[in-house]
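Read through the structure below, which is laid out as structure tokens, and then see the notes.
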Amino acid sequence: MNTPVVDVRDLRKIYDLGEQQLAALDGVTLTIAPGEFVVVMGPSGSGKSTFMHIVGFLDRATSGTYRFAGHDVTELSADDLADIRCKRLGFVFQAYNLLPRTSAAENVELPMLYAGIPRAQRRKAALEALGLVGLARYGDHMPNQLSGGQQQRVAIARALVNTPTMILADEPTGALDSRASEELMVLLARLNEERGITLLIVTHDANVAAHGKRLVSFRDGRVVDDHPIEHALAAAR
Amino acid sequence: MSWTETIRLAVRALVRNRSRSLLTMLGVIIGVAAVVVTVAIGAGARASVSAQINGLGSNLIIVIPGNLTQGGVNTGTGAASTLTPDDGLALTKIPGVSAVSPGVVVRAQVVSPTANWSTQIIGVAPSYLAIRDWPIARGTFFDDAATKGVAKVCVLGQTVADNLFPGQDPVGRTVIVRGVPFTVIGLLTRRGQSATGQDQDDTVIIPYTSAMKRLTGQTMLGILFVSARDAADVLPVQSAIVSLLEARHRIAQGTPDDFAIRNLQDIANAASGAAMTMEVLLAAVAAVSLLVGGIGIMNIMLVSVTERTREIGLRLSVGARGAAILQQFLTEAVVLSTSGGAIGALLGLAGAAAIATLAHWSAAVPPGAVIIAVAFSALVGIFFGYYPAAKAARLDPIEALRAE
């Protein structure tokens, strides 16, 4: 349990804009231990999304090192990164990103499809994951038959289904009203608490951040603040 | 992901856009249907031509007199009088020859008690029927005794019988040719048109001796019908005839022969050559149609990749490798083109059957041709689907997720 899930050192991401160079990340060093619930905040352009993309293997850093669960992944091939995304990570996006005209259960099955899991087993695991997010009876519903909060919970079930080491969420409540977003955060906190899943959430909503255990603030591509969250709100919960 | 899984996924994606998928397939459908119909027409035409040629007697070789130059005017093949009945007799001794019949052809007016008719009268030996493979419908054919005895007997073709004795049985009646009465002893079966469009039933057959002595007064033959024992014997027999007749006619080397030889294989080849030209033309049209169909598939697949950029981004982010995305879109293209091919093949078979019914042909479409056509449409899918699929596989996950 001592090996950090994420261990990045001096991470830089430079965009070459021709005449000038833009550093989206300007030397980020950070470790995330297993079971942590990290909230990343910062104004737009602070590099928080870029950071999440690199940590989530959707993008590569220009320089710096990245050790994921003890393994150096800086030099891995695109296919190896795809395999890590498939088996070790779960993603939740602001816009849900469910496949239209595809049932909730089949949306949840998607990561297992690429993990090569047989069909019958996929269906069973998908229904279990939907049960965990409280949508056990919605397996056959199409995304357009579900509310925004329900759709985002389907997305969480999809992120959960391959039993990942870590779930990354980019503004997961950005499209939800305050009640639905509160419910969603309670669900995520519960998954973190009960199942020990490491969570990394990017948000700019202080109410959302209040559910986390550790707050990391970004500004101009650097970590400017990193401290545990006082659990006044959590106690009230 | 397994192949069955991929194909299931592709079919679902295509069914979701039913009408677009069908329209996209149309080019391939038309192309493959055209290929199948082409092959059917070609095969049908060839079968029909060879059936007609076989009807003439497929192993038939004919020898006709050569040309003649008189006072600088060349009279053309067949004009010289060089073939004798003895030549015919000599030809029967060539190995591989099954039968020989002399032939004398006269055009004359044939008169019955109630009507008259101008037709081709042909004097032959009794072996002629076997050589032409032409059965008698009623009555009998004349025998060797009749040829020897210069008998005044004849056998009528159906057209002649219909015109001279409408609605009556001609057997036993008498017809008059150039003042000579001939007893009708038989009626030939109906043969229909020849490959060159002549009515084969418009003929009267008599012993060749009677034709020479009673009608033409000549001692020379107009033609020799030779039948080889089997198709493989045709060419060796043909060259044996040439050397035998050159020897009999004392033709020195280097001087032109005073006779000419034709075999029906040559005529058959010419006829199927014409059919081949038509097939090549239609096949070119089919190929162009398949090409256009393939471009249509590529176009729609490119649109589809653009439309589904977010879906691709999502699939990449949940762990799809580039190869899996390539496989998915390529499979969609191949499923499109192959189903188009299959539908086209069915339509083509139906079209071929319809044409066969209308043209009274045998619509034998070789199964190999159908398989090749469908396989080719699958290749079209792979070829034209690869570029859009590769484009999808190369997408950057973040860019793709941001796409609207």
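Evaluated against (1) within 31 Å of the chain's Cα centre (by Cα); (2) within 14 Å of chain A (Cβ to nearest Cβ), residue B:317 falls short on exactly one condition, (1).
Scanning region B:243-263 turns up one or more residues that are in a helix (DSSP H, G or I), away from chain A (no Cβ under 14 Å) and either buried (at least 17 other Cβ atoms within 10 Å of the Cβ) or acidic (Asp, Glu) (or both). Among the conditions (1) within 15 Å of residue B:324 (Cβ to Cβ); (2) touching a Lys or Arg at 6+ places or on another chain (Cβ under 8 Å), residue A:91 misses just one, which is (1).
Looking across A:85, A:67, one residue alone is under 22 Å from residue A:196 (Cα atoms), more than 10 Å from chain B (Cβ to nearest Cβ) and either within 19 Å of the chain's Cα centre (by Cα) or not hydroxyl-bearing (Ser, Thr, Tyr) (or both). It is A:67.
Which one is nearest to the other protein chains (Cβ to nearest Cβ), of the residues in region A:118-137 that are outside any helix (DSSP H, G or I) and surrounded by 19 or more Cβ atoms within 10 Å (Cβ to Cβ)? Only one residue tops the list, namely A:133. For region B:378-404, the set of residues classified as of a type in the set (Val, Ile, Thr) and either closer than 19 Å to residue B:10 by Cβ or out of contact with any helix residue (DSSP H, G or I) (no Cβ under 7 Å at 6 or more places or on another chain) (or both) consists of B:380, B:382, listed by residue number.
Of all the residues in region B:345-404, those that are within 14 Å of another protein chain (Cβ to nearest Cβ) and surrounded by 14 or more Cβ atoms within 10 Å (Cβ to Cβ) number 7.
Taking region A:91-126 as the range and being touching a strand residue (DSSP E or B) at 6+ places or on another chain (Cβ under 8 Å) and polar (S, T, N, Q) as the test, only A:94 passes. Please give the strands (runs of 3 or more DSSP E) falling wholly within region A:144-237 in which 1 or more residues are without any contact (Cβ under 8 Å) to a residue 24 or more places away in the chain. Here the list reads A:222-228.
Scanning region B:223-251 for residues that are in contact with a helix residue (DSSP H, G or I) (Cβ under 9 Å, 6 or more places away or on another chain) and more than 14 Å from residue B:96 (Cβ to Cβ) gives B:224, B:225, B:245, B:248, B:249, B:251.
Would you mind stating whether residue A:101 is assigned to a loop (DSSP other than H, G, I, E, B) and among the basic types (Lys, Arg)? Yes: the conditions hold for residue A:101. Going by the structure shown, is residue A:144 in contact with a Lys or Arg (Cβ under 9 Å, 6 or more places away or on another chain) and surrounded by fewer than 13 Cβ atoms within 10 Å (Cβ to Cβ)? Yes.
Would you tally the residues in region A:163-178 being out of contact with any Ser or Thr (no Cβ under 8 Å at 6 or more places or on another chain), surrounded by fewer than 22 Cβ atoms within 10 Å (Cβ to Cβ) and either within 12 Å of chain B (Cβ to nearest Cβ) or under 21 Å from residue A:111 (Cα atoms) (or both)? The number of residues fulfilling the criteria is 2. Just to be sure, is residue A:109 away from chain B (no Cβ under 14 Å), closer than 26 Å to residue B:326 by Cβ and either buried (at least 17 other Cβ atoms within 10 Å of the Cβ) or not hydrophobic (A, V, I, L, M, F, W, C) (or both)? In short, no.
Could you tell me whether residue B:298 is surrounded by 14 or more Cβ atoms within 10 Å (Cβ to Cβ) and either of a type in the set (Ser, Thr, Tyr) or in contact with a Ser or Thr (Cβ under 6 Å, 6 or more places away or on another chain) (or both)? The answer is no for residue B:298.
The numbered conditions (1) free of Cβ contacts under 8 Å to residues at least 12 places away in the same chain; (2) under 19 Å from the mean Cα position of the chain (by Cα); (3) more than 8 Å from chain B (Cβ to nearest Cβ) are all true for residue A:98 except (1). Within the option set B:251, B:312, B:343, B:297, being β-branched (Val, Ile, Thr) and outside the structural domain of residue B:375 (by TED's automatic domain parsing) holds for one residue only, B:251.
The single condition among (1) charged (D, E, K, R); (2) more than 9 Å from chain B (Cβ to nearest Cβ); (3) surrounded by fewer than 17 Cβ atoms within 10 Å (Cβ to Cβ); (4) outside any loop (DSSP other than H, G, I, E, B) that residue A:79 does not satisfy is (2). Scanning region B:155-198 for residues that are crowded, with 16+ Cβ neighbours inside 10 Å and at pLDDT below 90 yields B:191, B:195. Taken over region B:222-242, residues that are farther than 13 Å from residue B:63 by Cα and over 24 Å from the mean Cα position of the chain (by Cα) amount to 1. Per the conditions (1) surrounded by fewer than 19 Cβ atoms within 10 Å (Cβ to Cβ); (2) more than 14 Å from chain A (Cβ to nearest Cβ); (3) modelled with pLDDT of 80 or more, the sole criterion not satisfied by residue B:336 is (1).
If you go through region B:92-148 and keep only what is in a strand (DSSP E or B) and of a type in the set (Ser, Thr, Tyr), you end up with B:98, B:101, B:118, B:119.
Selection over region B:80-107 of residues that are touching a helix residue (DSSP H, G or I) at 6+ places or on another chain (Cβ under 7 Å) and of a type outside the set (Ser, Thr, Tyr) gives a count of 12.
The values are calculated or read from the model by the stated rules, or taken from the named source; none is laboratory data. Everything numeric in this text was worked out from a predicted model, so none of it was measured. In this analysis, Cβ positions are derived from the backbone assuming ideal geometry, glycine residues included, and neighbour counts consider all displayed protein chains.
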